[in-house]
Amino acid sequence: MNWFGRTPRIWHLGFWICVAAAGCDLPGRPKPADRFVPPHEEMRFTVLFDQNCVGCHGAEGKLGPAPPLNDELFLTIIPPEELLRIVSQGREGTLMPAFGAGKGGGLTSEQVRVLTEGIRQRWGSAAPTPIKVPPYLLPETKPSATAVDAGTRVFARACASCHGESGHGGRYGGKPDGRPVGAINVPGFLALISDQALRRLIITGRPDLGMPNYAESHGRPADFKPLTSQDVTDVVALLASWRQGTSINARGN
C-alpha cells in the first residue's frame with residue numbers, strides 16, 4: 001500500500017472537515033457585508049446618507065453648511081410628501097440639488113424613499129405638532145403691500161438682537177465670548193436661499209448653531225412672544241426685499 005501517495009489526499013480531506021466544523025470562510029473569501037453592491041441596488045440608509053447628504057448636512061445630520069436634518073421641530077412640521085419632493089427634486093434656485101433619477105440625480109425612487117424615511121426614523125419625534133407652531137409651507141397668497149413694514153417691526157423684536165437692526169450682523173449676548181453673529185442682509189446669501197428655506201429657518205432656528213426657533217426667548221427682549229404664521233410671512237417678505245433685483249414676492253421652493 002502506498003501510504004506516501006495517500007497522505008496528501010488524507011490531509012486535504014482533513015483540512016476541509018476542520019473548515020466545515022469551524023464554520024470558517026476560506027482565507028481571502030469576502031464576507032457578505034463586504035461584497036460590492038451596485039449603486040442602484042444600495043438600500044442601506046447609512047450608506048445613502050453618507051454618499052449623498054453628509055457633505056452639506058453633516059455626519060450626524062447637523063453642523064454642516066446646510067440647515068440641519070437632525071431637528072425634531074423641522075421633521076415635525078414638514079409634510080412627509082414635501083420632504084420626499086425636496087430630496088427627489090431639490091430646491092430650485094438654491095444649492096440643494098435633485099437626487100432623484102430623471103430629476104438630475106442618480107437615486108431610484110426607492111432609494112429616495114429609504115433616505116426620507118430614514119431621516120424621520122432617526123431624528124424625528126413621535127410627539128404631536130405644537131398647536132401654535134406656524135405651518136412649514138409658504139402661504140399661497142402673495143405678501144401684502146405692507147408686509148415689508150410689518151416684517152421690519154417683527155425683525156426688530158425677534159432677530160435684531162442677534163443679527164443687527166438692518167441684518168448686517170450683531171453680537172449674541174447669550175454667548176460668553178460675544179462672538180459676532182453672521183449677517184443675513186447679504187445679497188450673495190439671499191441669492192442662494194429660497195423664501196421657503198427662509199421660512200423654515202425662521203420657524204425652526206438653527207439649534208446646532210444656537211439660533212432660537214420661533215418660540216424661544218433666549219437672546220431676545222424680555223417681552224418677546226412666539227412668532228405667529230403671519231409674523232414669519234412678514235419677515236420672509238422683508239428678507240426677500242433685501243435681494244438685489246428680486247421681487248419681495250419671490251417664492252422659491
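Where residues in segment 144-170 are in a loop (DSSP other than H, G, I, E, B) and of a type in the set (Ser, Thr, Tyr), which of them is modelled with the highest pLDDT?
So in segment 144-170, the residues in a loop (DSSP other than H, G, I, E, B) come out as 144-146, 159, 164-169.
Pick out the ones that are also of a type in the set (Ser, Thr, Tyr) and you get 144, 146, 166.
Working: Ser144: 86, Thr146: 94, Ser166: 90.
The qualifying residue modelled with the highest pLDDT is Thr146.
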Scan segment 83-120 for residues that are farther than 20 Å from Arg206 by Cα, in a helix (DSSP H, G or I) and of a type outside the set (Val, Ile, Thr) and report the count.
-> 11
Here the qualifying pairs (Cβ atoms under 7 Å; residues six or more apart or on different chains; first in segment 62-84 and not assigned by TED's automatic domain parsing to the domain that holds Leu198; second among the charged types (D, E, K, R) and surrounded by 20 or more Cβ atoms within 10 Å (Cβ to Cβ)) come out as Pro67/Arg200; Phe74/Arg200
Top-ranked residue of segment 226-243 - restricted to ones that are modelled with pLDDT of 95 or more and in a loop (DSSP other than H, G, I, E, B), ranked as farthest from Pro134 (Cα to Cα) | Pro226
Considering segment 94-110 alone, what residues qualify as being crowded, with 18+ Cβ neighbours inside 10 Å, among the small types (Gly, Ala, Ser) and either over 29 Å from Thr129 (Cα atoms) or out of contact with any strand residue (DSSP E or B) (no Cβ under 7 Å at 6 or more places or on another chain) (or both)?
-> Gly105
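Can you confirm whether segment 43-53 contains a residue that is under 27 Å from Leu227 (Cα atoms), surrounded by 13 or more Cβ atoms within 10 Å (Cβ to Cβ) and within 12 Å of the chain's Cα centre (by Cα)?
For segment 43-53, residues under 27 Å from Leu227 (Cα atoms), surrounded by 13 or more Cβ atoms within 10 Å (Cβ to Cβ) and within 12 Å of the chain's Cα centre (by Cα): absent.
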Residues within segment 44-76 that are closer than 12 Å to Arg120 by Cβ and not in a loop (DSSP other than H, G, I, E, B), tallied | 5
Consider only pairs whose beta carbons are under 6 Å apart and that are at least six residues apart or on different chains; among these, list those whose first residue lies in segment 114-127 and is within 23 Å of His40 (Cα to Cα) and whose second residue is buried (at least 18 other Cβ atoms within 10 Å of the Cβ) and β-branched (Val, Ile, Thr).
-> Leu115/Val87; Thr116/Val87
Identify all residues within segment 26-42 that are modelled with pLDDT of 70 or more and assigned to a loop (DSSP other than H, G, I, E, B); write none if there are none.
-> Lys31, Arg35, Phe36, Val37, Pro38, Glu42
The residue that is nearest to Leu190 (Cα to Cα), considering only those in segment 121-143 that are buried (at least 16 other Cβ atoms within 10 Å of the Cβ), at pLDDT 90 or above and of a type outside the set (A, V, I, L, M, F, W, C), is Tyr136
Go through (1) closer than 26 Å to Met96 by Cα; (2) among the aliphatic types (A, V, I, L, M); (3) at pLDDT 90 or above one by one and return the number of the condition Leu209 breaks.
-> (3)
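The values are calculated or read from the model by the stated rules, or taken from the named source; none is laboratory data. Because the structure is predicted, anything quoted here is derived from the model rather than measured. So basically every Cβ, Gly included, is an ideal-geometry build from the backbone, and we count neighbours across all protein chains shown.
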